[in-house]
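The values are calculated or read from the model by the stated rules, or taken from the named source; none is laboratory data. All values derive from a computational prediction rather than experimental measurement. Reconstructed Cβ throughout: ideal geometry from the backbone, glycine too, with neighbour counts over all protein chains shown.
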Amino acid sequence: MSDCLFCRIIAHQSPADITYEDDAVVAFKDIYPKAPVHQLIVPKRHIASLLEATEEDEAVLGRCVVAARRLGEAAGYAERGFRLGGQYRAPGRAGRVPTGISTSRAGRGPPQRTP
Ligand SMILES: [Zn+2]
């Protein structure tokens, strides 16, 4: 079994509340949500960090963003907006953390621009 938690979730070997899945992407609810809607979207292909992403990953990373749009709409936040975030941890630190995108802080709407 992989030592990567996200890969185990993708393989359905570790429990997760999966909210979306297609041939390239899996999304699931964060077990420690920081907002009313907080989901992680990970490519099925293991990418340890955005710092390891290459041109070959462009398509799957784009698929993560499109999945975020679908999830944001499905959660009812198309009008209010939501936030996307990514993992930028150095490879090898704090375990192998795949690239992730979350619709975190969706309940608060997007950050407000100050005049
Ligand atoms: Zn992995």
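General observations
- Within segment 33-91, the set of residues being touching an Asp or Glu at 6+ places or on another chain (Cβ under 7 Å) and in a loop (DSSP other than H, G, I, E, B) comprises HIS38, ILE47, PRO91.
- Among the residues of segment 21-52, just one is within 16 Å of the ligand (Cβ to nearest atom) and free of Cβ contacts under 8 Å to residues at least 12 places away in the same chain, namely GLU21.
- Of the numbered criteria (1) over 15 Å from ARG63 (Cβ atoms); (2) at pLDDT below 90; (3) outside any loop (DSSP other than H, G, I, E, B); (4) near the ligand (Cβ under 9 Å from one of its atoms), the one ARG8 fails is (2).
- Residue list for segment 1-59, restricted to those being of a type in the set (Phe, Trp, Tyr) and either crowded, with 18+ Cβ neighbours inside 10 Å or more than 21 Å from ALA75 (Cβ to Cβ) (or both): PHE6, PHE28
- When residues of segment 60-70 are limited to those that are touching a residue at least 24 places away in the same chain (Cβ under 8 Å) and of a type in the set (Gly, Ala, Ser), the one surrounded by the most Cβ atoms within 10 Å (Cβ to Cβ): ALA67
- Pairs where the first residue, in segment 4-16, is within 19 Å of TYR32 (Cβ to Cβ) and the second is part of a loop (DSSP other than H, G, I, E, B) and within 9 Å of the ligand (Cβ to nearest atom), C-beta under 7 Å, 6+ apart: CYS4/HIS46; CYS4/ARG96; CYS4/PRO98; PHE6/PRO98; ARG8/SER2
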